[in-house]
Structures are given as C-alpha cells and as structure tokens.
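As structure tokens, the structure follows; a few thoughts come after it.
What follows draws every value from the coordinates through simple rules; no lab data is involved. Because the structure is a prediction, the values reported are computed rather than measured. For neighbour counting, all protein chains shown are included, and Cβ atoms are generated from backbone atoms with ideal geometry for every residue, glycine included.
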Amino acid sequence: MLHYTATVEDLLRSRFALSPAFELCGLLRRLDGRNAPLPGGWAARLAPGFARLRRETALDAVLALQTSSSGANFVAPPPRGLTQTWADDLAAIRATPLSVARAEIDRLGRRATVRDPQVRAVLDSDEVVDLVGDALDRAWNELMAPDWSQLRAICERDVVHRVGVIGERGWREAIEGLDRGLAWSGLSLQVPLHSESAVVDLSGEGLLMVPSVLVWPGVAAFYDEPWPKALVYRARGTSALWERASPGPDAQATLAALLGRSRARLLAELGTPASTSQLARSLGMAPGAVGDHLAVLRASGLLARARSGRAVLYRRTTLGDALVEGATEGI
C-alpha cells in the first residue's frame with residue numbers, strides 16, 4: 001500500500017494534466033501483450049503497423065525500456081498541464097542528456113536483461129536518445145495519432161466532471177472517486193498498489209492527477225523525480241470507448257430509430273458534460289453538424305447547456321437521461 005500524506009496546502013495546489021507520452025507507452029505495452037489487450041477491432045487495425053515499426057525502427061528498444069506497469073522516465077516525461085501535446089513530449093524526450101538516458105537504461109537493465117543483440121546495440125549507442133525519439137515519433141504518428149482526438153476528448157471531459165465534483169462535494173470525494181481503491185485516512189491518501197509500499201509526503205506540492213484511457217490496471221502512482229507526485233487514473237468514458245471499438249449489439253439502435261443515428265450518438269455521449277468541439281473530436285463528426293444536432297436536442301428538452309469559463313458545455317436533462325436509460329433497458 002502506498003500512502004500520500006497531505007496538508008490543506010497540498011489540496012490547494014493539486015491540479016490536472018494530460019500526458020500524450022504516457023498514453024503512447026500504454027498503447028505500446030498493450031500491443032506488445034504486457035497489459036490487458038485492446039478491444040479486438042482496435043488491436044486488429046493497429047497490429048500490422050506495430051509489427052512493421054518493430055522491423056523498421058528502434059521500437060524494440062523502446063519496448064525493452066517498458067515493464068508491465070512503468071518504464072524509463074525519459075520516454076514519458078512528466079506532464080505540465082492540460083494543454084500538453086505530443087510535440088511538447090517529443091521535444092522533452094529529444095532533449096534528454098545522454099547521461100540521464102544511460103542511468104535510466106542501467107536501472108532497468110538490472111530488472112530485466114536484454115538478450116537481443118540488436119536491441120542491446122541501440123541501448124549501448126551514443127545515439128540512443130535520437131533513435132528512441134525517432135521510433136516513438138513514428139509510433140505516435142502511425143499508431144496513436146489517428147485516435148488521439150477522440151482519446152483526448154474523453155480525458156478532457158473527465159476533467160470537467162472531476163472539477164464539478166470538487167465544486168459540489170469537495171476534494172475528498174473527487175480524489176476518492178478517481179478509483180474505487182483510493183481512500184482517505186486522516187491526512188493520508190491510501191493507494192492500493194501491490195508492488196509498492198511507501199509513505200510519500202506531498203510536501204506542499206499538491207497532487208497531479210492525470211486521466212488516461214490506457215492506464216492498466218487501476219491507477220499508476222509517481223513520486224520520484226523527474227515526475228511530480230502524481231496519480232494516473234482511468235478516465236470516465238473509457239468503458240464506452242471499448243464497447244464502441246468491440247463487435248456486439250449497438251446499444252444506440254433503439255435511440256437511432258427514434259432520433260436518427262447522429263443525434264442518438266450525441267445524446268448517449270452526454271451523460272458527462274462536453275462542449276461542441278469535444279463532441280466533434282470524440283465522435284469524429286463535423287463541428288457544424290454537431291452544433292445543429294445539439295440545437296435540435298436542446299429544443300426538444302433532452303439537453304441543457306451552461307457556460308464553464310470560455311466553453312459552453314451540454315449535458316442531458318432528466319428527460320434525456322430517462323430516454324437513454326429506457327432505450328438501453330429495451331436492448
């Protein structure tokens with residue numbers, strides 16, 4: 001069991017961030033069979049490209065720097081905020097001093113000996129940072145980038161939900177709600193990690209909370225440099241993404257017969273508040289079309305909207321919830 005000890009100052013300094021690099025590493029671990037597999041359709045789509053990149057790039061060296069639950073810090077630099085992009089992460093990876101990369105490689109080498117001579121040659125090379133950066137960049141562009149807008153939208157919407165919980169019920173419930181195993185005991189946050197046992201003082205720095213679609217299992221905890229004290233947790237909406245990616249009955253068929261397919265998808269998606277642009281990215285629809293459909297659903301009393309900072313967020317009304325729940329029960 002890991003324990004984060006906190007003060008009121010830590011709650012004031014706690015914040016959210018996104019990590020494209022962490023998501024990419026999670027995707028690579030799943031494709032390599034280190035964690036639970038991707039849904040069948042998603043895995044089948046990416047498998048050929050993954051195999052080709054292993055032949056054409058130093059991706060096997062990247063995989064050698066991954067364990068089932070973590071990896072070398074320089075391949076997943078710490079996130080700084082909600083506007084983090086892959087370009088930001090790649091720049092940080094490429095700026096890694098060779099001495100730092102060597103130390104990370106040596107640390108991981110003591111845990112798992114690399115036997116492949118080609119992989120060992122990459123890890124021993126003075127150009128290891130460039131080779132790893134090039135492999136990660138190609139993996140991002142060919143494996144992750146086509147789905148990133150949708151995945152990012154899920155994570156952004158999760159943050160909107162968590163901020164709402166903080167406003168309505170406070171930090172304790174918001175943080176415990178990140179994962180069912182998290183629990184406060186006095187001023188200590190208990191994190192159920194079977195492989196780790198430590199007491200970590202947040203030291204007034206606060207806790208960085210990072211939503212993820214690909215974290216597995218449960219949560220991932222960081223407390224050693226260069227990362228700040230952080231929890232990476234499973235974003236709300238991930239299960240629905242898996243259901244859309246996997247073959248099976250269409251849970252929106254009943255709604256589609258009543259509202260039309262696009263409006264049914266939007267209504268089903270809006271159990272969690274979202275903006276027009278987030279919905280467009282998440283569902284792969286044109287923003288103008290999303291806006292038109294939202295206007296119809298709102299005029300029908302199925303959606304409400306409210307401003308949050310510069311964004312206008314839509315969410316289902318009680319009538320909209322009842323319609324979705326009734327359709328789901330009928331399938």
Kindly write out, for the range 221-236 in residue order, the coupling ³J(HN,Hα) from the Karplus curve 6.51 cos²θ - 1.76 cosθ + 1.60 (θ = phi - 60°), rounded to whole Hz, with x marking Gly and Pro. 10, 10, 8, 10, 4, x, 6, x, 5, 8, 10, 9, 10, 6, 6, 4
The answer for trypsin sites (Lys or Arg not before Pro) in the range 63-127 that fall in a DSSP coil and have at most 11 neighbouring Cβ atoms within 10 Å is Arg110, Arg111, Arg115
Could you give the dipole magnitude of the chain about its Cα centre, charging the beta-carbon of Lys and Arg +1 and that of Asp and Glu -1, in debye to the nearest 20? 840 debye
Karplus-derived 3J(HN,Hα), 6.51/-1.76/1.60, for each residue of the range 54-59, Hz, glycine and proline x: 5, 7, 9, 10, 8, 4
Note, ³J(HN,Hα) from phi for the range 127-134, Karplus 6.51, -1.76, 1.60, rounded to Hz, x at Gly and Pro: 9, 4, 5, 5, 5, 5, x, 4
Cβ-derived FRET efficiency at R0 25 Å, Ala91 paired with Ala44, nearest 0.05: 0.15
Pick from Met144, Met209, Met285: which is most flexible by mean-square fluctuation in a GNM of the chain where alpha carbon atoms under 10 Å apart are linked? Met285
